[in-house]
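Working notes, beginning with the structure itself.
The values are calculated or read from the model by the stated rules, or taken from the named source; none is laboratory data. What you are looking at is a predicted structure, and each value in this text was computed from that prediction instead of being measured. Counting neighbours? That spans all protein chains shown, and the Cβs are built from the backbone with ideal geometry, glycine included. Accessible surface areas use protein heavy atoms only, side chains included; no ligands, DNA or RNA. Shrake-Rupley method; radii C 1.70, N 1.55, O 1.52, S 1.80 Å.
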Amino acid sequence: MVVGGVKQAYTNTISTPAHEMLEKAGIQVFANDEVEMILNRDRSGQCPMDKSLNETDDPQECVNILKNR
């Protein structure tokens, strides 16, 4: 969303790191629920896609990581 240039984001659930990244980029965020992390399908830990982004707060690097998954 940051790299794509959106101005506002609407979601049911957002992780705190995602919320922080969006707000840092000046994107207004509307969310029903904010959570520490997005859980995996069996709710035993962090979602693998979410986890792959833990080491960066750079939006373009996030895009590159996700493209390579």
Accessible surface, per residue, of the chain when the full set of protein chains is kept, probe 1.4 Å, Å² = 75
Rounded to one decimal in nm, the spacing of the 7 Å Cα→Cβ label points at Asn68 and Thr56 is 0.7
Quick one, which of (1) 1.10; (2) 0.96; (3) 0.90 is the actual Rg/Rh (Cα atoms, Kirkwood Rh) calculated for this model?
-> (2)
For the chain, with +1 on Lys and Arg beta carbons and -1 on Asp and Glu, the positive-most of Thr16, Gly4, Gln46 along the dipole = Gly4
Normalising by the residue count of the chain, find the relative contact order in percent from Cα pairs under 8 Å and 6+ residues apart.
-> 28
Could you work out how far apart the two model spin labels at Cys47 and Glu20 are, taking each label as a point 7 Å from the Cα in the direction of the beta carbon, and quote it in nm?
-> 1.8
Which of the peptides 40-47, 10-17, 28-35 is most tightly packed, and how do the rest follow, judged by the mean count of other Cβ atoms within 10 Å per residue?
-> 10-17, 28-35, 40-47
Got a sec to turn the phi values of the stretch 25-33 into Karplus ³J(HN,Hα) couplings, 6.51 cos²θ - 1.76 cosθ + 1.60 with θ = phi - 60°, whole Hz, x for Gly and Pro?
-> 8, x, 8, 6, 10, 10, 9, 6, 8
